[in-house]
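Asker: Please see the structure below; I have some questions.
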Amino acid sequence: MKKLIVLIYIAAATILFGYAKAETTNSAYQVTINAKENKNITSAIFEDVAVKVVNKKAEITWATDKEQNNKQFEIQRSNGGEAFKTIAIFFTLKDSREIKNYKFKDEMKGVSGGKVSYRIKQVDLNDNCTFSKIVDINF
């Protein structure tokens, strides 16, 4: 029954937010974070969040040190100081005690230029959420 609910949730999110491709990567990179910033996070601990422009697309990368009872990551974007909007959802549903690296490519549809900000919203199985730091690019 729980899997059916998750599948319905995935279908609804796909209809609402459209299809987006996020992927895990195998390449490890240096992590820098102040542990005090994440002392209240229990479901996923963010190690690093970064964004860069590659072929006129924004490439957002992030890593987690551990994931427990994690349901999903939502990639959120703000264009020119507007409110953050979810542009993609990446479901995990697996616990992990090792560093996991993620990558998402934003096609930048609807972005007119200027400063673009990103953050990752982490949602656990109880629908509690935490946010990563905000990263910016000029497009």
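Asker: Restricting segment 52-79 to residues that are charged (D, E, K, R) and at pLDDT 90 or above, which is surrounded by the fewest Cβ atoms within 10 Å (Cβ to Cβ)? Spell out how you get there, then give the answer.
Answerer: If we filter segment 52-79 for residues that are charged (D, E, K, R), which is where we start, we get 52, 56-57, 59, 65-67, 71, 74, 77.
After this cut, where a residue has to be at pLDDT 90 or above as well, the list is 52, 57, 59, 71, 74, 77.
On the way: 52: 11, 57: 14, 59: 15, 71: 21, 74: 20, 77: 21.
Among residues in segment 52-79 that are charged (D, E, K, R) and at pLDDT 90 or above, the one surrounded by the fewest Cβ atoms within 10 Å (Cβ to Cβ) is 52.
Asker: For segment 70-98, how many residues meet the condition of being within 12 Å of the chain's Cα centre (by Cα) and aliphatic (A, V, I, L, M)?
Answerer: Count: 4.
Asker: When residues of segment 74-86 are filtered for being under 14 Å from residue 135 (Cβ atoms) and touching a helix residue (DSSP H, G or I) at 6+ places or on another chain (Cβ under 8 Å), how many remain?
Answerer: 0
Asker: Residue check: is residue 37 at pLDDT below 90, under 24 Å from residue 128 (Cα atoms), assigned to a loop (DSSP other than H, G, I, E, B) and among the charged types (D, E, K, R)?
Answerer: no
Asker: Right, another one. Could you tell me whether segment 77-87 includes any residue that is closer than 17 Å to residue 46 by Cα and touching a Lys or Arg at 6+ places or on another chain (Cβ under 9 Å)?
Answerer: No.
Asker: Can you find a residue in segment 54-67 that is closer than 22 Å to residue 136 by Cα, part of a loop (DSSP other than H, G, I, E, B) and either under 14 Å from the mean Cα position of the chain (by Cα) or without any contact (Cβ under 8 Å) to a residue 60 or more places away in the chain (or both)?
Answerer: There is at least one residue in segment 54-67 that is closer than 22 Å to residue 136 by Cα, part of a loop (DSSP other than H, G, I, E, B) and either under 14 Å from the mean Cα position of the chain (by Cα) or without any contact (Cβ under 8 Å) to a residue 60 or more places away in the chain (or both).
Asker: Residues that are at pLDDT 85 or above and closer than 16 Å to residue 103 by Cα: does segment 8-30 have at least one? Break it down into steps so the answer makes sense when it comes.
Answerer: At the first step, the residues of segment 8-30 found to be at pLDDT 85 or above are none.
No: zero hits.
The values are calculated or read from the model by the stated rules, or taken from the named source; none is laboratory data. Since we're looking at a predicted model, the values are computed, not measured. So basically every Cβ, Gly included, is an ideal-geometry build from the backbone, and we count neighbours across all protein chains shown.
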